[in-house]
Each structure stands twice: as C-alpha cells, then as structure tokens.
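Nothing in this text is a laboratory measurement; each read-out follows from the coordinates by a stated rule. Keep in mind that this is a model prediction, so the values were computed, not measured. Cβ: placed from backbone, ideal geometry, glycine included. Neighbour counts: every protein chain shown.
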C-alpha cells in the first residue's frame with residue numbers, strides 16, 4: 001500500500017513537472033504558441049488584411065481612376081485623351097452644376113431636419129419596455145429589408161396621377177390633378193418623404209442602441225429628485241446621446257449627398273431640372289451623354305465635398321475625442 005501511494009505521488013509529480021515544462025517551453029506569454037499572455041492586447045495586423053484589400057480594390061483604386069479620368073476627355077470607347085483642367089473649368093461655369101449643388105445642399109439639410117427628430121424619438125421609445133414594443137419595432141423596421149430601387153418603384157406607382165393613390169388624395173394635398181411629381185415643390189417633397197420613410201428605421205436602430213446604453217441609475221436618481229419624463233429626456237437622454245447624434249448625422253449627411261436611385265426612378269431629375277441633384281447630374285453626363293471625363297470630375301468633387309462635410313461634423317462636434325458621456329467614466 002505504501003509503495004502504491006509512493007508510486008502515485010511520483011506519477012503526480014512527474015505529470016506536474018511535465019506540464020510545467022511544457023508551459024514554459026512554448027506556450028507562455030513570450031512563446032509562439034500564444035498562451036493567455038499573448039491573447040491580451042490588440043490582434044495582429046494580419047486580421048485587417050482582407051478588409052484592407054477589399055477597401056483598396058473597391059474604393060481606393062476606383063477613386064484614383066476617377067481622379068485620372070477627371071482630367072481627360074473620354075466617351076467610354078477608345079483611350080482617354082488628356083485635357084488638363086478643361087473639365088474643372090467647365091464644372092465651375094456650368095449653371096446646371098450650380099443648381100445641382102444648391103438642390104443637393106437643400107435636400108441634405110431638409111433630410112437632417114426631418115429624419116433626426118423622428119428617428120431620435122422613435123429610437124428612445126423603442127429602447128423602452130412598452131407592451132408590444134418588439135412587434136411594432138419589427139414592423140416599423142421592414143423598409144430596411146428592401147432595396148431603394150424596389151421601394152422607389154412602389155412609390156412611383158402610388159404617386160402616378162392616373163391610377164395611383166395620389167389621384168385620390170391629391171386634391172386634399174393641394175394638387176387638384178394629382179400630379180405631385182409634375183410640380184417642383186411636390187417632386188422634392190416626394191423624394192424627401194420616400195427617403196425618410198426608408199432610412200428613418202436605420203437611424204432609429206442607431207438611437208435605440210445608444211438609448212439602451214444609458215445607465216438606468218441616472219433615470220432613477222432623476223425620478224427621486226422629482227424630474228418628469230420630459231425633463232429626463234432633455235436633461236439625461238439628449239446629453240447622453242450626443243455622440244450617437246453625431247454618428248447618425250454623418251451617415252445621414254453623406255447618404256443624402258450621394259444617393260440618386262430614388263431621384264432616377266421617381267422624377268428622372270424633373271420636372272425639367274428641378275430635382276437634378278449632383279449624383280444625378282453625374283449619372284446623366286456619364287451614362288446618358290457618355291461624357292465620362294466630365295462625369296468623373298463631378299464624381300471627384302462629390303467625394304471631396306462629402307468627405308469634407310463628414311470630417312467637419314466630427315471635428316466641430318468634438319466627436320473625434322470619443323470621450324464617454326457616462327457619469328463617472
């Protein structure tokens with residue numbers, strides 16, 4: 001019995017020694033095996049390689065090509081002919097471009113003014129614990145599942161003055177003949193409404209996530225102090241969602257400056273040129289007039305403007321600091 005115990009102790013000691021030696025030989029913090037110590041910290045740069053290659057192939061390289069074509073004359077056939085700054089000079093003196101820039105800026109501002117308050121309120125509501133909240137939220141988020149082209153086609157039929165829904169409700173909206181898309185203000189309002197109907201759910205999700213991250217203890221303390229729902233919203237919710245508002249605004253502004261499929265389907269830039277925003281002008285020159293050099297100049301200008309606006313929003317709002325707004329953090 002004594003010999004068996006001694007043998008078991010010897011085996012245990014040998015096993016422990018072997019395990020210890022293995023840990024120190026290649027699995028420690030400095031070993032290549034990557035033990036517990038090596039798992040602490042940031043992953044290696046190799047993990048970012050697939051994403052970096054994807055971004056380079058489908059973003060950086062196309063932008064460089066567009067930047068080159070912006071200084072050429074090319075109809076899509078043959079070789080581009082270098083023209084220097086001719087496209088940029090034409091861009092500067094083009095009255096259609098000035099109108100398109102004004103319409104794009106107007107649509108961007110109106111988009112932010114319409115979508116932000118609605119998405120903010122809906123996001124805060126969806127973050128609560130109301131009855132049937134999950135079901136109603138799921139129904140409301142359905143427009144996110146469809147493409148912009150499909151939704152624009154549906155609304156195109158609904159807004160048809162001959163057999164669409166607008167033919168019935170048009171007189172109540174001030175359009176006796178129901179031709180909403182034939183009126184400059186009506187067409188712009190239709191674009192604003194359709195884009196808001198589609199993209200408000202996206203920003204609602206963003207605000208819902210931000211609202212759920214707010215500590216419940218802040219609301220409990222405010223309730224003890226006698227603050228009502230409205231006071232809690234303006235004193236707690238809005239300040240805590242400051243970074244979320246900036247994130248949503250950047251996505252919204254860049255999206256409003258660059259989308260054109262809804263305009264293409266609903267109005268085709270009309271009536272006349274009253275809804276010809278900058279992306280649609282780029283499409284019109286590139287794929288209808290086959291003036292790809294000038295269209296590339298418009299695209300390059302659009303990239304510069306959208307990037308500059310987004311960076312200014314981040315810079316002026318202090319979002320780049322990325323400081324936590326939570327109490328005590």
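Structure summary
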{"read-out": "Model label zone, residue 90; criterion: amide N under 18 Å from point 7 Å along Cα-to-beta-carbon; scope region 264-302", "value": "278-302"}
{"read-out": "Simple spin-label estimate for residue 131 and residue 235 in nanometres, 7 Å along Cα-Cβ", "value": "3.0 nm"}
{"read-out": "Relative contact order (%) - region 61-321, alpha-carbon pairs under 8 angstrom, separation at least six", "value": "31 percent"}
{"read-out": "Gained length - residue 193 relative to residue 112, 0.36 nm times residue gap less alpha-carbon distance", "value": "27.9 nm"}
{"read-out": "Burial ranking of peptide ranges 55-67, 116-128 (average Cβ count within 10 Å, highest at the top)", "value": "116-128, 55-67"}
{"read-out": "Cα-based convex hull, region 218-294, per residue volume (Å³, whole number)", "value": "126 Å³"}
{"read-out": "Cα gyration tensor shape of region 61-321, rounded if a/c is under 1.5, else prolate or oblate by comparing a/b with b/c", "value": "oblate"}
